[in-house]
1. Sum -39500 (n - 2.57) across every DSSP H segment of at least 4 residues in the chain, then divide by the residue count to get the 222 nm mean residue ellipticity, nearest 500.
2. Under 27 Å between alpha carbons, and skipping anything fewer than 8 positions from LYS16 in its own chain: which lysines qualify?
3. Compute the signed sum of charges (Lys and Arg +1, Asp and Glu -1) over the other residues within less than 14 Å, Cβ to Cβ, of LEU402.
4. Can you give the relative contact order of the chain as a percent, counting alpha carbon pairs under 8 Å and 6+ residues apart?
5. Mind sorting SER346, SER267, SER329, SER8 by how few other Cβ atoms lie within 10 Å of their own Cβ, fewest first?
6. So for the range 2-116, averaging the separation of alpha carbon pairs under 8 Å that are six or more residues apart and normalising by length, what relative contact order in percent results?
7. Quick one: of LYS135/LYS216; LYS262/LYS323; LYS238/LYS262, which pairs are farther than 26 Å apart, Cα to Cα?
8. Full extension from LEU307 to LEU258: what is 0.36 nm times the residue separation minus their Cα-Cα distance, to one decimal in nm?
Amino acid sequence: FFLDEPTSGLDPGLDKKMMQLLRKLANQGRTVILVTHATANITMCDRIVFMGRGGRLCYFGPPREALDFFDVKTGDFADIYNELETGDINLQSWAEKFNKSPYNQRYIVNHFSRGKANANTPSAPSVPKTQSFVKQLVLLAQRYFQLISRDLVNLTLALLTAPIGISLLRLAVRDKDPLIGAPDATLAPLALRVLFVFTCAAIWVGLATSLQEIVKESAIYLRERLVNLGLFAYLGSKIFILSGLAVLQTLLMVGVILIAFKSPEPSFISWQMGASITTFLTLMSCISLGLVVSAIVKNSSQANSALPLLLLPQIIFSGVLFKMEGAASKFSWLMLSRWSVGAYGSLVNVNGMVPVPTTLPDGSTLPQPFEPTPVYDPTWENLGLNWGILCVHILVYLMLTLWLQKRKDIL
C-alpha cells in the first residue's frame, strides 16, 4: 500500500487507530509505505525516512534510532524537522553524515548487498499461485451474494416491482377475466395487452437488475484480473446469483398472476408451469442482455441512459401494438418481447379468443380485432420454438459478454 498523508485531518485518537491498523496489515505480511508529517505514533513503523529539501536522504532506519542519530534529547520528532530546516549547508552536512554512518551501512548497503547475492543465485522462476475454477466461482458467488443481500432497498425493488405492477393490472381490467373466456371481439385484444404487460414487467426488471453489475466493478475486475481472476469464474458467479434472483422474481410474479387472474387451461402443459418457464426465460434473457450492455459501457451513467434505448424497440416490435410485416417482421425476431409474448399467447390460446368474421345483414363483414397468427398457435411446437429462441438469445448474449470482457485484457 502506498499512502499519502493517511492520517491528515484526523484527531489524535483516530490517528492512533489508523496507525495501529497499518501496523496490523504489516504484521500480516503486507508492505505499507506512507508519507506523513504526524509523528505522534511514528514509532509503530519499522523504518522511517527523513528527506531534506532537494530530495537529500538524511536518515533511513528504525524510528527510535533516528533520535540518537540527530542527537535529539527531548524525544520529540518535531525537533528533527526543525533541524533539517536550518539551511542548505546544515542539510548537506546531515546528508553526508548519514552517508558515512553505520546506519547507512546497516540498513541500505548491507541490504542491497544481500539482494545482489541472492540475484546471482540461480533459482526457478516464480509461478503465480492460481485457484481452481470451482474455488474462484464459490468465492466470487459468496462475495456477490453478500453485496446483493446487504443492499436491501435495491433487492426489495428488484423483487417487488414486477409483482406490484401486475397486481395494479388487476385494477385496470376490473371484473373481467382476460385470460379465459369464449371468443369475443374485446376479449382477445385485452388478453394480448395483459400478456404484453407480463412481458414488459419481466423485461424491465431483468434489465434493471443487470445493467450495473459489470460496469460498477470495472476497476475491481481489472485489478483482480491481473492476479489470475478467471473470466469464466467471474461471469459464472454473476449468472449463478442472478439466476437465483430470477427464480425468486419468477415465483413472485407467477404467484401474483395466479392470485389476480383466473388461470387458463392449456391442453399440453399446465398454466402454472408454462407461465413460470416463460417468465424465467424472459428474465434470464433480459439479464443476459443487460450484462452485454454493462460490459460495453464505460460508467454507470451510460448504463442507466441505455435502459430506454433497450426498452423502446422491445415495445415497438413486440407484435402487440403494431402488426409486424416485411422488414419489421424480420427485425422482431431480434426482440425478446416477441418470443415472450408469443409463449404467453400460446399458453393462453389468444387465437382461440378471436371470433370468426361476422357477416352483417347488408352483406359486409364485421372486422376481427386482429387476425389469428401462427405466433400464438397453442401447440407444443410453437411454445418450444418461443422458448428455444429465448434460450438462443441467452446463449448469444453470454458469449458476447465473455468476448467483451476478454477484450479488456488486450485493451
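1. On the way: 16 runs with 251 residues, N = 411.
It lands at -20000 deg cm²/dmol.
2. Answer for LYS16, where 27 Å is the Cα cut-off: LYS24, LYS73, listed by chain and number.
3. On the way: positive: ARG225, LYS238, LYS406, ARG407, LYS408; negative: ASP409.
My count for the surroundings of LEU402 gives +4.
4. On the way: 463 pairs, mean separation 61.8, N = 411.
Averaging sequence separation for qualifying contacts and normalising by length gives 15 percent for the chain.
5. On the way: SER346 29, SER267 8, SER329 14, SER8 11.
Arranged by neighbour count, lowest to highest, SER346, SER267, SER329, SER8 become SER267, SER8, SER329, SER346.
6. Details: 104 pairs, mean separation 22.4, N = 115.
Contact order relative to length: 20 percent.
7. On the way: LYS135/LYS216 23 Å; LYS262/LYS323 28 Å; LYS238/LYS262 36 Å.
Checking Cα-Cα distances, LYS262/LYS323; LYS238/LYS262 exceed 26 Å.
8. Details: separation 49, 0.36 × 49 = 17.64 nm, distance 2.91 nm.
Length difference between fully extended and current span is 14.7 nm.
Just so you know, all these numbers are worked out from the coordinates, no wet-lab data involved. On a predicted model such as this, the values are computed, not experimentally measured, just so you know. Methodologically, a virtual Cβ is constructed for each residue, glycine included, from the backbone with ideal geometry; neighbour enumeration extends over all protein chains shown.
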